[in-house]
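Below: one structure, written as structure tokens.
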Amino acid sequence: MTAICVFCGSSMGYNDVYRKAALETALFFAEKNIELVYGGGDVGLMKILADTLLEKGSRVTGVIPGNLVDRGVVHHNLSRLIVVDSMADRKHKMAELSDGFVALPGGFGTLDELAEILTYNQLRISDKPLGILNVNNYFDGLLTFFDRAVEDGFVRKEHRDNLIVSENIGELLEKMASYEPVSMEKWITDIKTESNHR
Ligand code: AMP
């Protein structure tokens, strides 16, 4: 069985299109027998994902720091709940348990999680594909920023291209299946050379 870690909003978002995207993602996972690994919350889009999958009899693993459990936002009916010490431990655990990552619309938490995986993939600490479900063009502003970072020489094009994007969950997972990590040697040589020409 494949396990995919989903990062997404602990809020619902104002537009129904976001709830619908979370629901469709869950239904797709259930149909393809994909295990959900996620932040273990019982709120926002996270709740829609987890509840829909549990209703379908699918396996859902939540990973949550103890302080969030104490605040009462934890989902109590998951197939498996792993309580960790910190947000950093949570990201680490979620990555360890998954074969890939999908980001749905969300806020700072989602951004933090997806940026960490982008960086890990760049440094080859992780070699697992990361996809963004760009429903309602929600991530367009972020993608424009990434393009600007490439244009201005702060992100390499091949690292920008590590990020897989689609509006459709089926297509996104299909693209993720052919993910090829980028070799690090040339990049390190290039940034060393560039740093010698101040
Ligand atoms: P945000 O995008 O700021 O709503 O944060 C959502 C992401 O951060 C999720 O993917 C979770 O892993 C984590 N997170 C943030 N807030 C919570 C919460 N109240 N309960 C569980 N996880 C949360």
**Asked** What number, in percent, do you get for the relative contact order of segment 3-195 if the mean sequence gap of Cα pairs under 8 Å and at least 6 apart is divided by its residue count?
**Response** 21
**Asked** Per residue Cα convex hull volume for the chain, in cubic angstrom?
**Response** 123
**Item:** Simple spin-label estimate for ALA88 and ASN168 in nanometres, 7 Å along Cα-Cβ
**Value:** 4.2
**Asked** Considering every pair of different Cα atoms, what Kirkwood radius, in Å, is found for segment 20-109?
**Response** 13.1
**Complete:** Going fewest to most other Cβ atoms within 10 Å around each Cβ, MET12, MET94 line up as MET12, MET94
**Request:** Please give the calculated 222 nm ellipticity per residue for the chain, where each DSSP H segment of at least 4 residues contributes -39500 (n - 2.57) and the sum is spread over every residue; nearest 500 deg cm²/dmol?
**Result:** -14500 deg cm²/dmol
**Request:** Between the alpha-carbon centers of segment 1-19 and segment 28-59, tell me the distance in whole angstrom.
**Result:** 9
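Compute the signed sum of charges (Lys and Arg +1, Asp and Glu -1) over the other residues within less than 13 Å, Cβ to Cβ, of GLY62. Walk me through the intermediate numbers first.
On the way: positive: LYS47, ARG59, ARG80, ARG90, LYS93; negative: GLU35, ASP42, ASP51.
Every neighbour counted, the sum reads +2.
What are the trypsin sites (Lys or Arg not before Pro) within segment 59-94 that DSSP puts in a loop, where the Cβ has at most 14 other Cβ atoms within 10 Å? Write out the running numbers ahead of the final one.
Numbers: sites: ARG59, ARG71, ARG80, ARG90, LYS91, LYS93; in loops: ARG59, ARG71.
Those satisfying the criteria are ARG71.
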**Complete:** Total charge of the residues flanking ASN168 in space, meaning their Cβ is under 11 Å from its Cβ, with Lys and Arg +1 and Asp and Glu -1, is -3
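Tell me, in nm to one decimal, what length is gained between LEU27 and ASN15 on full extension, where the rule is 0.36 nm per residue of separation less the Cα-Cα distance? Can you show the working numbers first?
On the way: separation 12, 0.36 × 12 = 4.32 nm, distance 1.96 nm.
Value of the extension gain: 2.4 nm.
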**Asked** Tally Lys and Arg at +1 and Asp and Glu at -1 over the other residues with C-beta under 10 Å from the C-beta of SER79: what net charge comes out?
**Response** +1
**Complete:** In whole Å, largest first, the alpha carbons of segment 133-198 cover along the principal axes 44, 25, 8
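Read the figures in this text as sums done on the coordinates, not as results from a lab. From a predicted model like this one, the values you see are computed outputs, not experimental measurements. Heads up, the Cβs are rebuilt from the backbone with ideal geometry, glycines too, and the neighbour counts pull from every protein chain shown.
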